[in-house]
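Q: Before I ask anything, let me first share the structure, which is written out below as structure tokens.
The values are calculated or read from the model by the stated rules, or taken from the named source; none is laboratory data. Quick caveat, the model's predicted, so the values are computed rather than measured. Note: ideal-geometry Cβ built from the backbone for every residue, glycine included; neighbour counts use all protein chains shown. Accessible surface areas use protein heavy atoms only, side chains included; no ligands, DNA or RNA. Shrake-Rupley method; radii C 1.70, N 1.55, O 1.52, S 1.80 Å.
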Amino acid sequence: MIELDQESCRNLAVATSSEWLETNGIGGFSSSTVIGLNTRRYHGLLTAATKPPVGRFVLLSKLEETLVIDGRRYELSANQYPGTVHPQGFNYQTGFRLDPFPMFVYEIEGLRIEKTVFMVQGENTTVVQYELLEAPSSENRVAEINLEIRTLIAFRDYHSTTHENGALNPQIETENGLIIIRPYTGLTSLYLAHNAAAIDSNGYWYRNFQYAVEQERGLDFVEDLFSPCALIFNWRSGGRLSIVASTERHDVAKADSYRKTEIERRKESGNEANPLVGALRTAADQFIAARERGKTVIAGYHWFADWGRDTMIALPGLTLATGQSDIARSILAEFANHIDRGMLPNRFPDAGETPEYNTVDATLWFFEAVRSFLQYTGDYDFVQTDLYAVLKDIIDWHVKGTRYQIHVDHDGLLFAGEPGVQLTWMDAKVGDWVVTPRHGKPVEIQALWYNALRVMEQLAGRFKDAKAKKEYAALADKACGSFNNTFWNEDAGCLYDVVNGEVRDDSIRPNQVIAISLPNTLLSKERAASVLRVVERDLLTPRGLRTLSPRDPHYIGRYEGGPRSRDGAYHQGTVWPWLMGPYITAYIKTFGNQAAREFAAMWLHNFQEHLREGCLGQVSEIFDGDAPHTPRGCVAQAWSVAELLRAAIEDVHQSEMITVGAL
């Protein structure tokens, strides 16, 4: 449980920087701040995935609640308008907790009210409930308690904002216990199941909501929302007041059973002795989503869909370390179906167009995901039947060459890149400006290529494919020799970041850690130890590894400003928590003693504090390179959670469950 007290809820700076997130397992989500004041265009009670896991639309933005006690009105909600926050319901709020889903507590005239928000798994459905926990004492008994709830809808793509317009149909349809809202032709309908006593069908536009975070990001931050109706609930008797907002018809009488089911579902990840591991397991669940016949990984909330690179890096931590090998199998099979010219798709566009193939590392991480899958499951039959031919085809394409000049060079190393594209994970681009082009032979690509070849050598041996085994071994041996001759920077005691012909980029970046952390490593322990000392000196922070040494003239310590400014800083010093996973693995592999595990446990423990800032219970995408390392970017990032969880289970606690089918 994560809890904020009355003082925190009534401190606007604290409350508006503390967010919550609910997800539905198909790409949709519900999210806001702990006082219900939306600070992002992505905040809303129901953001539906109309083409799971994409096609996301903000349907129900929020609910404006007014408690009426014997005619006295108390506004419980909060909005940022130009120059003012109105109303200020947080002044009645005595607490917020994540237990297991968002719960808001208000106290007014002796009444104690608890509001809860959660989503139904597998549906675009959000349930909002209100419960009267304490009533006034007998001497202060009131005659009537009503709760008026006015709906505010957006009905727009989640990357956009909406404004007052004449195309909107203001009329609602009502049935017994159900309101149907169809504001625009061609868009899905919104169904509101409820147990309200009455409905006010007068509709209004509410203008000039302001979203502070979007303003900081240099984006459109003003929105108008339409209110098609208000629901009036009467609290004459006990029980919960409920609204079930959905793209499907529901019976409000089932709201309590939905709640019970969701509590039971979440208990499965809560039974964990280590608090950090338990919290990360709970966070990991929010990224698994359905795609077509199988499963995929949402790279980050609020604005990412499923990306090939993120999925493959995150797969071991999100699925295998959490004991969900069936989901891992489904993800691997689904992505294998989309391999084209030896490349894994980097991105499935939101609108469902053809996948984008513009990454060199996503495909190579696929091999490591397969290796990890076998280590946990030993399911060689699945790999041989469903993946082996695909994996062989990928190697063939890389040897002979595929898109963007990706090919094995004469020295056995993998070349990739051409002007105007960014193929590695350091992929920031503004217009035609590729911020970190890294054309040629990036260090982590060589490490991944070598690891892939060794994995294939071992699989070929297992599957009695002698000719292929010999070929993969020869390719790997050549790559290893060339790598050590080409990439070692003797003066710095670490690895070059990119080699392109005679040009060697000596920027101190974290990519070199991957040459140590992968199971099939390219470096001797002596060189690995030297690399880790350099990384610890220049890149290690309590929130992950910096992407560039602060001593570098190109270092940017704060990720802020408009899109160009932020993208320019994205990999030029910004801290990425996902890199803590490879760093910890590399550290324990290299030093391999109890002191190393204690060192790693200490750095992992730093994230316990972060789980109570930003998006509560989640790990942010990035942090400022400079202290105090403010969280930035996506409020919840899959590989951030996954790599911390994987490192905690595999390296720090050394679970016995991962030796089943070790290659």
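Q: Looking only at the range 268-278, which residues are in contact (Cβ under 8 Å) with a residue 12 or more places away in the chain and open to solvent by 30 Å² or more (accessible area, probe 1.4 Å)? Please lay out each step first, then the result.
A: Pass one, the range 268-278, residues in contact (Cβ under 8 Å) with a residue 12 or more places away in the chain: 269-270, 274-277.
GLY270, ASN274, PRO275 - these are the residues of the range 268-278 that are in contact (Cβ under 8 Å) with a residue 12 or more places away in the chain and open to solvent by 30 Å² or more (accessible area, probe 1.4 Å).
Q: While we're here: Is there a residue being open to solvent by 10 Å² or more (accessible area, probe 1.4 Å), within 17 Å of the chain's Cα centre (by Cα), closer than 24 Å to CYS634 by Cβ and of a type in the set (A, V, I, L, M, F, W, C) anywhere in the range 363-379? Can you show your working first?
A: Step one: list which residues in the range 363-379 are open to solvent by 10 Å² or more (accessible area, probe 1.4 Å), which gives 365, 368, 371, 375-379.
From what is left, the residues that are within 17 Å of the chain's Cα centre (by Cα) are none.
No; the residues of the range 363-379 include none that is open to solvent by 10 Å² or more (accessible area, probe 1.4 Å), within 17 Å of the chain's Cα centre (by Cα), closer than 24 Å to CYS634 by Cβ and of a type in the set (A, V, I, L, M, F, W, C).
Q: Further question on the same structure: Hey, can you tell me all the residues within the range 162-188 that are of a type outside the set (D, E, K, R), within 27 Å of LYS254 (Cα to Cα), open to solvent by 20 Å² or more (accessible area, probe 1.4 Å) and not in a strand (DSSP E or B)? Step through it out loud before you land on a result.
A: Here is the first cut: in the range 162-188, the residues of a type outside the set (D, E, K, R) are 162-163, 165-172, 174, 176-181, 183-188.
Checking which are within 27 Å of LYS254 (Cα to Cα) leaves us with 171-172, 174, 176-181, 183, 187-188.
Among the residues that remain, those that are also open to solvent by 20 Å² or more (accessible area, probe 1.4 Å) are: 171-172, 174, 176-177, 187-188.
Matches in the range 162-188: GLN171, ASN176, GLY177, LEU187, THR188.
Q: Could you give me the residue pairs with C-beta distances under 7 Å whose first residue belongs to the range 23-52 and is open to solvent by less than 10 Å² (accessible area, probe 1.4 Å), whose second residue is β-branched (Val, Ile, Thr) and in a loop (DSSP other than H, G, I, E, B) wherever it lies, and which are 6+ apart or on separate chains?
A: From residues that are open to solvent by less than 10 Å² (accessible area, probe 1.4 Å), the pairs are ASN24/VAL120; GLY27/ILE298; THR33/THR39; ALA48/THR188; ALA48/THR247; ALA49/ILE26.
Q: I've got another one for you. So which residues in the range 3-39 are among the β-branched types (Val, Ile, Thr) and within 24 Å of GLY122 (Cβ to Cβ), if there are any at all?
A: Of everything in the range 3-39, those that are among the β-branched types (Val, Ile, Thr) and within 24 Å of GLY122 (Cβ to Cβ) turn out to be THR23, ILE26.
Q: OK, next. Filtering the range 325-349 down to residues that are open to solvent by 40 Å² or more (accessible area, probe 1.4 Å) and in contact (Cβ under 8 Å) with a residue 40 or more places away in the chain, which residue is nearest to the chain's Cα centre (by Cα)? Steps first, please.
A: From the range 325-349, those open to solvent by 40 Å² or more (accessible area, probe 1.4 Å) are 326, 329, 337, 340-341, 347; that's our starting set.
Remaining after also requiring in contact (Cβ under 8 Å) with a residue 40 or more places away in the chain: 329, 341, 347.
Working: ARG329: 20, ARG341: 29, ARG347: 15 Å.
Once the filter is applied, the top-ranked residue is ARG347.
Q: Checking ALA143 against (1) loosely packed, with under 14 Cβ neighbours inside 10 Å; (2) at positive phi; (3) of a type in the set (Gly, Ala, Ser): exactly one of these is not met. Which one?
A: Just one mismatch for ALA143, condition (2).
Q: Now, a different point. Mind checking whether some residue in the range 364-382 is at pLDDT below 95 and out of contact with any strand residue (DSSP E or B) (no Cβ under 8 Å at 6 or more places or on another chain)?
A: Start the filter on the range 364-382 by keeping residues that are at pLDDT below 95, which leaves none.
No.
Q: Only one of these is within 20 Å of PHE591 (Cβ to Cβ) and not charged (D, E, K, R): VAL513, VAL503, VAL499. Name it. Break it down stepwise before answering.
A: Numbers: VAL503 fails: within 20 Å of PHE591 (Cβ to Cβ); VAL499 fails: within 20 Å of PHE591 (Cβ to Cβ).
Step by step, each of VAL513, VAL503, VAL499 is checked, and only VAL513 is within 20 Å of PHE591 (Cβ to Cβ) and not charged (D, E, K, R).
Okay, residues lined up against (1) free of Cβ contacts under 8 Å to residues at least 60 places away in the same chain; (2) surrounded by 24 or more Cβ atoms within 10 Å (Cβ to Cβ); (3) within 18 Å of GLU643 (Cα to Cα); (4) among the hydroxyl-bearing types (Ser, Thr, Tyr):
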residue	(1), (2), (3), (4)
ARG281	no, yes, yes, no
THR296	no, yes, yes, yes
TRP307	yes, yes, yes, no
GLY323	no, no, yes, no
THR359	no, yes, no, yes
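Q: Among the residues of the range 55-67, is any among the hydroxyl-bearing types (Ser, Thr, Tyr), touching a residue at least 12 places away in the same chain (Cβ under 8 Å) and closer than 16 Å to ASN124 by Cα? It would help to see each step written out before you state the result.
A: Step one: of the range 55-67, the residues among the hydroxyl-bearing types (Ser, Thr, Tyr) are 61, 66.
Among the residues that remain, those that are also touching a residue at least 12 places away in the same chain (Cβ under 8 Å) are: 61, 66.
Next, only the ones that are closer than 16 Å to ASN124 by Cα stay: 61.
Yes, that holds for at least one residue.
Q: Still on this structure, I have one more. Report yes if THR424 is in contact (Cβ under 8 Å) with a residue 40 or more places away in the chain, out of contact with any helix residue (DSSP H, G or I) (no Cβ under 6 Å at 6 or more places or on another chain), part of a loop (DSSP other than H, G, I, E, B) and of a type in the set (Val, Ile, Thr), otherwise no. Even if it seems obvious, please write down each step before you answer.
A: On the way: in contact (Cβ under 8 Å) with a residue 40 or more places away in the chain: yes; out of contact with any helix residue (DSSP H, G or I) (no Cβ under 6 Å at 6 or more places or on another chain): no; part of a loop (DSSP other than H, G, I, E, B): yes; of a type in the set (Val, Ile, Thr): yes.
Against the criterion (in contact (Cβ under 8 Å) with a residue 40 or more places away in the chain, out of contact with any helix residue (DSSP H, G or I) (no Cβ under 6 Å at 6 or more places or on another chain), part of a loop (DSSP other than H, G, I, E, B) and of a type in the set (Val, Ile, Thr)), THR424 does not qualify.
Q: May I pose another question? State all residues of the range 236-252 that are crowded, with 22+ Cβ neighbours inside 10 Å and either without any contact (Cβ under 8 Å) to a residue 60 or more places away in the chain or farther than 18 Å from ASN24 by Cβ (or both); if no residue qualifies, say none.
A: Within the range 236-252, LEU241 is the sole residue that qualifies.
Q: If ALA466 satisfies all but one of (1) closer than 20 Å to LEU364 by Cα; (2) touching a helix residue (DSSP H, G or I) at 6+ places or on another chain (Cβ under 9 Å), what's the number of the condition it fails?
A: Condition not satisfied by ALA466: (1).
Q: Report yes if ARG112 is touching a Phe, Trp or Tyr at 6+ places or on another chain (Cβ under 8 Å) and crowded, with 21+ Cβ neighbours inside 10 Å, otherwise no.
A: Numbers: touching a Phe, Trp or Tyr at 6+ places or on another chain (Cβ under 8 Å): yes; crowded, with 21+ Cβ neighbours inside 10 Å: no.
It is false that ARG112 is touching a Phe, Trp or Tyr at 6+ places or on another chain (Cβ under 8 Å) and crowded, with 21+ Cβ neighbours inside 10 Å.
Q: Is there a residue in the range 64-87 that is touching a Gly at 6+ places or on another chain (Cβ under 6 Å), open to solvent by 10 Å² or more (accessible area, probe 1.4 Å) and of a type in the set (A, V, I, L, M, F, W, C)? Working first, answer last.
A: Of the range 64-87, the ones touching a Gly at 6+ places or on another chain (Cβ under 6 Å) are 75-78.
Going one step further and asking which of them are open to solvent by 10 Å² or more (accessible area, probe 1.4 Å), we end up with 75.
Cutting the leftovers down to of a type in the set (A, V, I, L, M, F, W, C) gives us none.
Checked against the condition, which is being touching a Gly at 6+ places or on another chain (Cβ under 6 Å), open to solvent by 10 Å² or more (accessible area, probe 1.4 Å) and of a type in the set (A, V, I, L, M, F, W, C), the range 64-87 yields no hits at all.
Q: Kindly indicate whether ASN606 is closer than 24 Å to SER18 by Cα, open to solvent by 40 Å² or more (accessible area, probe 1.4 Å) and of a type in the set (S, T, N, Q).
A: Working: closer than 24 Å to SER18 by Cα: yes; open to solvent by 40 Å² or more (accessible area, probe 1.4 Å): yes; of a type in the set (S, T, N, Q): yes.
So ASN606 passes the test.
Q: Name the residues in the range 1-51 that are farther than 19 Å from TRP303 by Cβ and of a type in the set (Gly, Ala, Ser), would you?
A: Answer for the range 1-51, where residues must be farther than 19 Å from TRP303 by Cβ and of a type in the set (Gly, Ala, Ser): SER8, ALA13, ALA15, SER18, GLY36.
Q: Yes or no: the range 441-461 includes at least one residue that is in a helix (DSSP H, G or I), open to solvent by 40 Å² or more (accessible area, probe 1.4 Å) and closer than 30 Å to GLY378 by Cα. First the steps, then the outcome.
A: Kept after step one, since they are in a helix (DSSP H, G or I), are these residues of the range 441-461: 443-461.
Imposing the further condition that a residue be open to solvent by 40 Å² or more (accessible area, probe 1.4 Å) reduces the set to 458.
Within this subset, residues satisfying the condition of being closer than 30 Å to GLY378 by Cα are 458.
Taking every residue of the range 441-461 in turn, at least one turns out to be in a helix (DSSP H, G or I), open to solvent by 40 Å² or more (accessible area, probe 1.4 Å) and closer than 30 Å to GLY378 by Cα.
Q: Quick one: would you say THR94 is closer than 30 Å to GLU268 by Cβ, hydroxyl-bearing (Ser, Thr, Tyr) and open to solvent by 10 Å² or more (accessible area, probe 1.4 Å)? Let's see the steps before the verdict.
A: Details: closer than 30 Å to GLU268 by Cβ: no; hydroxyl-bearing (Ser, Thr, Tyr): yes; open to solvent by 10 Å² or more (accessible area, probe 1.4 Å): yes.
No.
Q: Of all the helices (runs of 4 or more DSSP H) wholly in the range 517-597, which have at least 3 residues that are modelled with pLDDT under 95 and either over 28 Å from ILE649 (Cβ atoms) or open to solvent by less than 30 Å² (accessible area, probe 1.4 Å) (or both)?
A: 563-569
Q: Would you point out which residue out of GLU19, GLU75, GLU3, GLU64 is more than 20 Å from the chain's Cα centre (by Cα), at pLDDT 95 or above and over 17 Å from TYR130 (Cβ atoms)? Show your work before the answer.
A: Working: GLU19 fails: more than 20 Å from the chain's Cα centre (by Cα); GLU75 fails: over 17 Å from TYR130 (Cβ atoms); GLU64 fails: over 17 Å from TYR130 (Cβ atoms).
Of the residues listed, the single one that is more than 20 Å from the chain's Cα centre (by Cα), at pLDDT 95 or above and over 17 Å from TYR130 (Cβ atoms) is GLU3.
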